[in-house]
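The values are calculated or read from the model by the stated rules, or taken from the named source; none is laboratory data. Here the structure is a predicted model, which is why all the values come from computation and not from measurement. So basically every Cβ, Gly included, is an ideal-geometry build from the backbone, and we count neighbours across all protein chains shown. Each accessible area value is taken on the protein alone, full model and side chains, heavy atoms only, with ligands, DNA and RNA left out. Shrake-Rupley method; radii C 1.70, N 1.55, O 1.52, S 1.80 Å.
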Amino acid sequence: MHTTQSIAELVGGKLVGPGDVAITGLEQLSLAGAGQLTFIGDEKHAERWGDSGAAAALITRGLGAEPAPGRALI
């Protein structure tokens, strides 16, 4: 199992938010739930981050999403 910290290290990304969130799988933004990592590649999807249940997201730099309590962005 990975954590948000270990994934950030693997991809060479900057972690914003908690590093101890356990990640158990991958899912698209609209279907993601607890323990799942998703990807945000454009502003349209960044705007939907707040409605997602994903535990964390790999996000393209410069997009306007912010981490939420207990959730992280990489």
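Structural remarks
- Consider segment 27-45 and keep the residues that are among the small types (Gly, Ala, Ser) and on the phi < 0 side of the Ramachandran plot. The one that is most open to solvent (accessible area, probe 1.4 Å) is 34.
- Residue count, segment 46-74 (criterion: closer than 16 Å to residue 8 by Cβ, among the charged types (D, E, K, R) and either open to solvent by less than 20 Å² (accessible area, probe 1.4 Å) or at pLDDT below 95 (or both)): 1
- Pick from segment 1-22, criterion over 20 Å from residue 63 (Cβ atoms) and either touching a Leu at 6+ places or on another chain (Cβ under 7 Å) or of a type outside the set (A, V, I, L, M) (or both), ranking: surrounded by the most Cβ atoms within 10 Å (Cβ to Cβ): 3
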